[in-house]
């Protein structure tokens, strides 16, 4: 699949309901548990927020900031955002940097 920016590809195994293993770059792998996804979806349900794909300073209140505080310090919003959209939990927001949770 394409990253949030559409400039590179990644793949993942599993699902939001089961947890995912995300493979990106040259063999990097990061796991996101179903508990992590449940907490993320509960936190953002019904909101439109910045995706927060910055590797160093995702904006406060963004998905990227939440992931760095609750899942991994590695910047993974570029992958989690598209997964959430692919699986029907969110849609693109009002601008290219935003995501709307259903």
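Just a few scattered comments:
- Members of segment 29-54 that are closer than 22 Å to residue 94 by Cα and either surrounded by fewer than 19 Cβ atoms within 10 Å (Cβ to Cβ) or at pLDDT below 95 (or both): 41, 42, 43, 45, 46, 47, 48, 54
- Residue-level analysis places residue 58 outside the set of residues that are in contact (Cβ under 8 Å) with a residue 40 or more places away in the chain and either out of contact with any strand residue (DSSP E or B) (no Cβ under 9 Å at 6 or more places or on another chain) or not in a strand (DSSP E or B) (or both).
- Restricted to segment 65-82, and to residues there that are assigned to a helix (DSSP H, G or I) and in contact with a strand residue (DSSP E or B) (Cβ under 6 Å, 6 or more places away or on another chain), the residue that is farthest from residue 39 (Cα to Cα) is 79.
- Of all residue pairs spaced 6 or more apart or on separate chains, those with beta-carbon atoms under 7 Å, a first member in segment 5-19 that is at positive phi and part of a strand (DSSP E or B) and a second member that is surrounded by fewer than 16 Cβ atoms within 10 Å (Cβ to Cβ) and at pLDDT 95 or above are 14/21; 19/31; 19/33; 19/34.
- Of note, residue 25 does not satisfy the criterion of being touching a residue at least 24 places away in the same chain (Cβ under 8 Å) and surrounded by fewer than 18 Cβ atoms within 10 Å (Cβ to Cβ).
- The one condition from (1) in a helix (DSSP H, G or I); (2) surrounded by 15 or more Cβ atoms within 10 Å (Cβ to Cβ); (3) out of contact with any helix residue (DSSP H, G or I) (no Cβ under 8 Å at 6 or more places or on another chain) that residue 100 does not meet is (1).
- Filtered by the rule that a residue be loosely packed, with under 14 Cβ neighbours inside 10 Å and under 23 Å from residue 54 (Cβ atoms), segment 2-22 gives 2, 5, 6, 7, 8, 9, 11.
The values are calculated or read from the model by the stated rules, or taken from the named source; none is laboratory data. The shown structure was predicted, so the numbers you read here are calculated from the model rather than taken from an experiment. All Cβ positions, even for glycine, are placed from backbone atoms using ideal geometry, and neighbour counts span all protein chains on display.
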